[in-house]
Amino acid sequence: MFVIHSNTNILMKRILILALVALTFASCGPTNNVAKEARKTLKGTWSLNAITYNTPGKFDVTLFEDVKASCLEGSTWRFIPNNNFGNYEILKGDCNPGKRYFVWTIPKGDDTTTSYDILLKPTDEKMKSTMNNAGFRLNLDYVADDLLQIKQTVMVDGKPFVITMAFSPIQ
C-alpha cells in the first residue's frame, strides 16, 4: 500500500507541474500571437495618404526629425517583418526626396487593448543607427489588410498633441 501511495504522490506532483507549465504557456501565448499577427498584417508596402491632428488649426510639424508632415504625405512605406527593417521614400521633389531607413519592432503587449506600440529607430541602409540609438514610440492604432493608422502623441504646452498618419496598402 505504501508503494502505491508513493507512486500516486509522484504522479500527482508531475500532473501539477505539467498543469502549471501549460497554464504559463497559455497565459503568455495570446500576447505573443497578437504582436505576431500585427507584424504579419503590417508587412508590405503602404502609401501614407493623410496626416491629421487632434486639434484644429495649421501646424508646422516636423516628423522623425526629418521632414515636414506635408512632405511625408504621399510617401511610400515598406515594413519587412522577418528582419524588422523598413524604409520610407519621400516622393515630392521640393522635400529632399529619397529613401530613409529604419528598424522597427512591436513590443509585447496585452490582450486588453486594441492598439499596440511600434518602436521605430532611424538607420542607414545597413541598419546602423543614425540618431545615436534614439528612436520614436508610435501607437499602432489600427492595422488591417486595407488600412493602417499610426499615431504619435507629443506634449505641446503641457497638453497631448496627437498626430495621426493614415496609410493604405500598395498592391
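Figures for the structure shown
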| quantity | calculated |
| --- | --- |
| Condition met for Ala38 (among the aliphatic types (A, V, I, L, M), buried (at least 16 other Cβ atoms within 10 Å of the Cβ) and at pLDDT below 85) | yes |
| Selected residue (only one of Ile90, Ile106, Ile80, Ile51 is at pLDDT below 90 and either more than 22 Å from Met155 (Cα to Cα) or among the aliphatic types (A, V, I, L, M) (or both)) | Ile106 |
| Within segment 54-82, considering residues that are more than 18 Å from Glu125 (Cα to Cα), in contact with a strand residue (DSSP E or B) (Cβ under 6 Å, 6 or more places away or on another chain) and in contact (Cβ under 8 Å) with a residue 40 or more places away in the chain, the one surrounded by the most Cβ atoms within 10 Å (Cβ to Cβ) | Leu72 |
| Residues of segment 135-153 satisfying the condition of being surrounded by fewer than 12 Cβ atoms within 10 Å (Cβ to Cβ) and more than 12 Å from Asp117 (Cβ to Cβ) | Ala144, Asp145, Asp146 |
| Lone qualifier among Thr130, Thr164, Thr123 - being under 18 Å from Ile51 (Cβ atoms), surrounded by 11 or more Cβ atoms within 10 Å (Cβ to Cβ) and not acidic (Asp, Glu) | Thr164 |
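The values are calculated or read from the model by the stated rules, or taken from the named source; none is laboratory data. This one's a predicted model, so the numbers in the text were calculated from it and none came from an experiment. Glycine also receives a Cβ, built like all others from the backbone with ideal geometry; neighbour counts cover every protein chain displayed.
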